[in-house]
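Bear in mind that the values in this text are calculations on the coordinates, not laboratory data. Every value quoted in this text rests on a predicted model; they were computed, and no experiment measured them. Cβ atoms come from the backbone with ideal geometry, glycine included; neighbour counts cover every protein chain shown.
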Amino acid sequence: MPLGVVEGGAPMLGWLRSRSTRAERGLAWRTQYVLATRAPAVTTTRDDPASAVGEGVFDSEAVHASLMDLIGGLAPQRPLRATAEEALAAVSALFVFRLSWLAYCNEAFDLDPEATDSHSEMCRRWVKGEVVRAWPYFAHAETALATVTKKITNLQEELVDFCGHDITALDRRAA
């Protein structure tokens with residue numbers, strides 16, 4: 001097998017880059033996990049795509065925090081950093097709607113604004129499409145979510161390359 005090629009013929013370019021630190025890989029893996037569980041437009045499909053808008057706005061806080069941690073922990077020369085910064089900018093545009101979304105859900109479902117129990121959180125996160133479309137900022141959030149979806153998809157591809165493993169892959173064959 002030629003030098004610089006791994007089994008299966010894929011080029012091994014990792015040796016050309018400076019090695020990532022354990023902390024950077026940990027942050028990248030955590031971000032991969034958060035995106036897999038908190039970026040609904042990217043990871044799942046629904047009968048009514050409007051429900052993904054509400055979920056995306058609700059989950060934007062967790063995604064935003066994870067991206068902030070990732071960017072703060074990556075060395076400036078990492079190519080992954082630029083993609084993460086683009087994703088953070090897109091998520092930030094969605095995150096600004098979160099307070100309005102929470103207030104809307106609190107009013108629509110007669111929830112205590114201070115409540116953090118699982119029922120209240122589920123009412124704010126998983127909302128039927130017709131209720132989401134009635135939210136005054138729906139069109140703006142839908143546009144922001146479309147941008148987030150593109151940027152997160154790009155970031156997920158780079159995270160897989162950086163981590164060397166796709167945690168969202170369904171094929172989990174034993175080595």
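Could you check, for segment 122-144, whether at least one of its residues is assigned to a helix (DSSP H, G or I), without any contact (Cβ under 8 Å) to a residue 40 or more places away in the chain, buried (at least 17 other Cβ atoms within 10 Å of the Cβ) and touching a Lys or Arg at 6+ places or on another chain (Cβ under 9 Å)? Can you show your working first?
From segment 122-144, those assigned to a helix (DSSP H, G or I) are 122-125, 129-134, 138-144; that's our starting set.
After this cut, where a residue has to be without any contact (Cβ under 8 Å) to a residue 40 or more places away in the chain as well, the list is 122-123, 134, 139, 143.
Adding the requirement that they be buried (at least 17 other Cβ atoms within 10 Å of the Cβ) leaves 123.
Next, only the ones that are touching a Lys or Arg at 6+ places or on another chain (Cβ under 9 Å) stay: none.
Scanning segment 122-144, I find no residue that is assigned to a helix (DSSP H, G or I), without any contact (Cβ under 8 Å) to a residue 40 or more places away in the chain, buried (at least 17 other Cβ atoms within 10 Å of the Cβ) and touching a Lys or Arg at 6+ places or on another chain (Cβ under 9 Å), so the answer is no.
More than 24 Å from residue 153 (Cα to Cα) and either in contact with a helix residue (DSSP H, G or I) (Cβ under 9 Å, 6 or more places away or on another chain) or aliphatic (A, V, I, L, M) (or both): which single residue out of 100, 92, 60 fits that description? I'd like the intermediate steps shown before the answer.
Numbers: 92 fails: more than 24 Å from residue 153 (Cα to Cα); 60 fails: more than 24 Å from residue 153 (Cα to Cα).
Of the residues listed, the single one that is more than 24 Å from residue 153 (Cα to Cα) and either in contact with a helix residue (DSSP H, G or I) (Cβ under 9 Å, 6 or more places away or on another chain) or aliphatic (A, V, I, L, M) (or both) is 100.
Just give me the residues in segment 87-110 being of a type in the set (Phe, Trp, Tyr) and either part of a helix (DSSP H, G or I) or under 12 Å from the mean Cα position of the chain (by Cα) (or both), in sequence order. Can you show your working first?
Start the filter on segment 87-110 by keeping residues that are of a type in the set (Phe, Trp, Tyr), which leaves 95, 97, 101, 104, 109.
Matches in segment 87-110: 95, 101, 104.
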Among the residues of segment 161-171, are any crowded, with 18+ Cβ neighbours inside 10 Å and within 20 Å of residue 32 (Cα to Cα)? yes
